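Engineer: My questions will all concern the structure given below.
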Amino acid sequence: MENCPHLSLLNTIMGSFCSWVWAYRNYLIIFLIPLLLLPLPLAIPTKEAYCGYAIGLMALYWCTEALPLAVTALLPVVLFPMMGIMESGDVCMQYLKDTNMLFLGGLLVAIGVEQWNLHKRIALRVLTIVGVKPALLMMGFMGTTAFLSMWISNTATTAMMVPIAQAVLEQLDSSEAEADQLEIDNSQINSGYEPDEKPAKSEEAKDRPGNGHVMSIEEGEGLAEERRQIRKEKYINLSKGMSLSVCYAASIGGTATLTGTTPNLILKGQIDELFPANGDVVNFATWFGFAFPNMMLMLVLAWFWLQFMFMGFNFKETFGCGGQVSEKDRQASQVIKDELKKLGSMTFAEGGILTVFVLLVVLWFTREPGFMPGWATVLFNKDGKQFVTDGTVAIFMALVLFVIPSKLPSCFCSGGGREGEESQKIKAPKALLDWDTVHQKMPWNILLLLGGGFALAKGSEASGLSVWMGHELAPLQSIPPAAIAVLLCLLVATFTECSSNVATTTLFLPILASMAQEIELHPLYIMLPCTLCASLAFMLPVATPPNAIVFSYGNLKVVDMAKTGFMLNIIGVLSITLALNTWGTVIFQLDTFPSWANTTRGPP
């Protein structure tokens, strides 16, 4: 008993110390990690070890997020020149390459689409077509979200779609509750009048004229409570399934286009940096030809899995097969129509944005389609040089948005005379896109992240670290390529659950490129599937911003997302593996080792 005060004091001190450590954890990580990794460059004073130190430091900072991701991406500007790996000018050049311009141009067009609510009009128009039956509604939300995520950010798409989904489900729930209550009230009224309608039913009924009516009320209350519980459970599951369908579709849809999500652009930049003679093997058209069918396959399989998890396979109920449209469906459908009505008729600005967007996509597809010479090859790209790239097209169309007015120019001769001169003063409309909007909505940190990744890849090459790692991974040559791809996909899919997809691809792709060269495997055979798998972050709320958005609505638990997302990760890896070994092999000739990757590689 005498030791109790001492134990209490010790517990208090330990509790305070743990609280202090947790509160200051980021500062501790920032200062301790460089010290813990310091023995590596001190014990092995070579450029390879110095570069390994820098990469290890950045990897741990990225995984722990002790520093903002974009700030960590700037470390090569300081570390590589000080370690004698690269000159400062060469490092800084990595932060604004052609891939960054492609990303910037694509985002500028996406910001224009968001500013004028064109994405919302498209979403609502699609939802009015598919209807509000649960399975079809989920299919509509997933298809619309995936399509929009191909062109605008996954986060913006999710943030727009989830409130619409919740509003429709709330309307369905309240309409069904009203229908149930009306049915119960009608049955009570009928029960109350039944003795009068059938007076000769029995003498016992005559002796107890009000008894049947009282029993009907009690039964109605019990039935109402039972239906309320069933309905509550049903719409909780529907809400979970619909929320997850939106965030999963956003992540899946982003994989379909080269500009859909940042890891795709990182792959493009790494391939162009590490293999400059690749002949533009990864461009918008070739990426779309490979990734879009895979996206569709993953989307359908994800829809089936979510159906199984949250709705079951009662096709008559979920699809509305064989039944008429009920009043609750009409009311829920009206919610979508009302939202669409609020947008009004299509404006000149929306039409202008849509025209620019469609023209951009057409120019991307036809620049270098692969099966025939594109317009860039015929007009600009001569002697095997890539004068015009996808980045050129993206920036050009983005610049167009700054010069097209958002309204048709008004007639300058209207409003003559001095009366009402102030009210009729001619004022030019603003352009489809202005710099204040860009400054507010542009995620500038992603440009630094891309640059940091390219600097790491260049540093690994300049220091000889990539060559050394390739030699160390040479024993993998005895494993079948398909097995290597599957194992690496599972590794990346697991790693990306606890790290950003940008950091994951930035760290893995240079290593995978070196390994592919060493074992004489087509670099894209392992870099391409691992890039797609970096977007398969389905299990945790913190894995991606779309996951965090749907989790913030409060109807999901971590276990719901984890058990649903685990199977989706497996489905995604299998789908990507299938795509890789079928149409992917045809598009990229993955069954051969390309000459542009066959560089002379001496021992380190």
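None of the figures in this text is laboratory data; all of them are computed from the coordinates on show. Computed from a prediction, not measured in an experiment: that's the story for all the values here. Positions of Cβ are backbone-derived with ideal geometry, glycine not excepted, and every protein chain shown enters the neighbour counts.
Engineer: Relative to a virtual label point 7 Å from the Cα of LYS385 in the Cα→beta-carbon direction, which members of region 77-101 show backbone nitrogen distances below 19 Å?
Structural biologist: Only 97-99 pass the distance filter.
Engineer: Distance in nm between label sites at LEU399 and LYS232, each 7 Å beyond Cα in the beta-carbon direction?
Structural biologist: 6.2 nm
Engineer: Under a point spin-label approximation (7 Å from Cα along Cα-to-Cβ), what is the PHE308-GLN440 distance to one decimal in nm?
Structural biologist: 4.5 nm
Engineer: Hey, another quick one. Compute the FRET efficiency between ARG25 and THR46 as 1/(1 + (r/R0)^6), taking r as their Cβ-Cβ distance and R0 = 51 Å, and round to the nearest 0.05.
Structural biologist: 0.95
Engineer: Going by the alpha-carbon gyration tensor, a ≥ b ≥ c the square roots of its eigenvalues, is region 94-137 rounded (a/c under 1.5) or, if a/c is not under 1.5, prolate (a/b greater than b/c) versus oblate?
Structural biologist: Prolate, because a/c is 1.5 or more and a/b exceeds b/c.
Engineer: Here's another thing I want to ask about it. Once you order the gyration tensor axes a ≥ b ≥ c over the Cα atoms, which shape class does region 1-114 get: rounded for a/c under 1.5, otherwise prolate or oblate by comparing a/b with b/c?
Structural biologist: Here region 1-114 falls in the oblate category.
Engineer: Also, I was wondering about something else. Classify region 58-167 as rounded, prolate or oblate, taking a ≥ b ≥ c as the square roots of the eigenvalues of its Cα gyration tensor: rounded when a/c is under 1.5, otherwise prolate if a/b is larger than b/c and oblate if not.
Structural biologist: Note, shape of region 58-167 comes out prolate.
Engineer: Another question, if that's okay. Please report the spacing between the Cα centers of region 523-546 and region 145-176 in Å, no decimals.
Structural biologist: Each part reduced to its Cα centre gives a spacing of 23 Å.
Engineer: Going through the cross-link list LYS133/LYS341; LYS240/LYS341; LYS234/LYS563; LYS97/LYS382, which pairs have a Cα-Cα distance over 23 Å in this structure?
Structural biologist: LYS240/LYS341
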